[in-house]
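> Here it is, the structure in full.
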Amino acid sequence: MVIVAEGLEHAAESISLFVIGTGLLQNAIYLVQLALAAATLIQAPPTASGELLWRRYSEAAPPIGESRAVRPRLTPGSRTQSSSARARQAGTGRQQRGPQRRIGDQPAHLAHV
């Protein structure tokens, strides 16, 4: 019985040393990663300003007014349409509120998706 108890004690000590060693190694790896990230940030060039980006890419950028982006269809209950536009569409002179939506409801322009 004493031999079994000594064996279990030795196994428990080995497992605890393994767990502590693994934790220390993991923390050392994290510290090395932080040091490498800091060194990379120091060496990285600064972010370009908006003015510099505009000068650099204005020739290649398409004009804003001629964008070919797909626009959502406007329906009377959609959130993308203003309340005054909904009132005009309804034919009244005052603003009306659209249908109330609950959390999780899809907007009308996404209902077909």
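> Any residue in the stretch 49-60 that's assigned to a helix (DSSP H, G or I): show its pairings with residues that are surrounded by 10 or more Cβ atoms within 10 Å (Cβ to Cβ) and hydrophobic (A, V, I, L, M, F, W, C) at Cβ separation under 8 Å, as long as the two are six or more apart or on different chains.
Within 8 Å, the pairs are Arg56/Ala48.
> Return yes or no: is Gly21 at pLDDT below 80 and assigned to a helix (DSSP H, G or I)?
In short, no.
The values are calculated or read from the model by the stated rules, or taken from the named source; none is laboratory data. In this text the structure is predicted, and so the values were computed from the model without any measurement. We place every Cβ from the backbone using ideal geometry, glycine too, and count neighbours over all the protein chains shown.
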